[in-house]
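Have a look at the structure below, then the notes.
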Amino acid sequence: EAGVVQSPRYKIIEKKQPVAFWCNPISGHNTLYWYRQNLGQGPELLIRYENEEAVDDSQLPKDRFSAERLKGVDSTLKIQPAELGDSAVYLCASSPRQGDTGELFFGEGSRLTVL
Amino acid sequence: RKEVEQDPGPFNVPEGATVAFNCTYSNSASQSFFWYRQDCRKEPKLLMSVYSSGNEDGRFTAQLNRASQYISLLIRDSKLSDSATYLCAVSLNTGGFKTIFGAGTRLFVKA
């Protein structure tokens with residue numbers, strides 16, 4: 001069974017530039033998450049989707065971050081404009097269960113460096 | 001106070017040793033508990049869920065103490081391949097479920 005697929009794996013951009021990350025969850029997983037992980041820290045939730053609906057985006061910095069999950073499958077996370085402090089690993093995860101049960105399957109992550 | 005706290009370590013242990021990690025959580029309404037393993041520059045992977053009665057998976061034992069609000073992970077007969085960061089995760093319903101991760105505990109197992 002294919003796991004969660006993310007791209008790109010690595011991205012280096014200058015501050016104020018836009019960047020987008022893509023995620024394809026495990027087939028049949030209706031719940032999708034975007035997390036951000038800084039060095040030496042645990043993952044922090046940015047947004048959670050149930051199908052195409054964003055049910056928890058309270059931690060998403062909406063002034064510069066946006067996300068979408070059209071058709072309830074793939075998802076895109078965008079940052080515009082990027083700031084130095086956005087350098088982190090952006091992890092996508094999916095879960096077969098509705099609601100945030102904590103049993104998550106993560107993708108390999110997209111490592112962002114903002115110069 | 002952080003919602004989920006872990007000793008960052010590192011824990012340096014010899015092969016064959018037994019090592020234990022604790023993770024404390026602040027919200028008594030927390031409902032589900034998990035241990036994840038994260039290798040260097042890799043994604044977190046679910047190691048095991050933590051059940052109220054405690055549970056074991058091979059060399060790994062997880063326990064939950066609701067009264068004191070902590071979970072623990074015990075690794076027996078440590079292997080070199082156990083070297084990783086161990087993240088605890090707590091799921092709670094705050095008008096919608098939310099999973100919060102600790103910062104992780106680093107383990108180094110040496111020959």
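Rule-based calculations on the coordinates, nothing more; no lab input. Predicted model, so just to flag it, every value in this text is computed and none were measured. Here the Cβ positions follow ideal geometry from the backbone for every residue, glycine too, while neighbour counts run over all protein chains shown.
Size descriptor for the protein assembly as shown, Kirkwood hydrodynamic radius: 18.1 Å (Cα pairs only, one decimal).
Of all beta bridges that DSSP places with both ends in region A:1-111, some 95 percent have antiparallel geometry. Over chain A, Cα pairs under 8 Å with separation of 6+ residues give a relative contact order of 37 percent.
Taking 30 Å as R0, compute the FRET efficiency from the Cβ-Cβ separation of A:Lys71 and B:Leu46 and round it to 0.05.
With a Förster radius of 30 Å, E is 0.65.
The local environment of A:Val5, defined by Cβ-Cβ distances under 10 Å, has a net charge of -2 under the rule Lys, Arg +1 and Asp, Glu -1.
Think of it this way: in the protein assembly as shown, B:Cys40 stand alone, with no other Cys Cβ under 4.7 Å. Sparsely packed loop sites in region A:23-111 (the GluC sites (Glu not before Pro) outside DSSP H, G, I, E and B with at most 15 other Cβ atoms within 10 Å) comprise A:Glu52, A:Glu83. Using the Cβ-Cβ distance between A:Gln98 and B:Arg66 with R0 = 25 Å, the FRET efficiency computed as 1/(1 + (r/R0)^6) comes to roughly 0.50. Averaging the sequence gap over all C-alpha pairs within less than 8 Å and six or more residues apart, then dividing by the number of residues, gives chain B a relative contact order of 37 percent. With 18 Å as the limit, the listed pairs A:Lys11/A:Lys78; A:Lys62/B:Lys2; A:Lys15/B:Lys2; A:Lys16/A:Lys78 have A:Lys62/B:Lys2; A:Lys15/B:Lys2 beyond it between alpha carbons. Determine which residues of region B:47-73 fall in the zone a paramagnetic label at B:Asn27 would reach in this model, i.e. backbone nitrogen under 18 Å from the point 7 Å along Cα→Cβ. So the set is B:50, B:65-71. Annotation for region B:3-111: GluC sites (Glu not before Pro) lying in DSSP loop with at most 16 further Cβ atoms inside 10 Å of their Cβ are B:Glu3, B:Glu15. With a cut-off of 11 Å between beta carbons, the residues surrounding A:Ala20 carry a summed charge of +1, where Lys and Arg count +1 and Asp and Glu -1. Shielding by partners for peptide A:104-111, expressed as the average number of C-beta atoms from other protein chains within 10 Å of each residue's C-beta, is 4.
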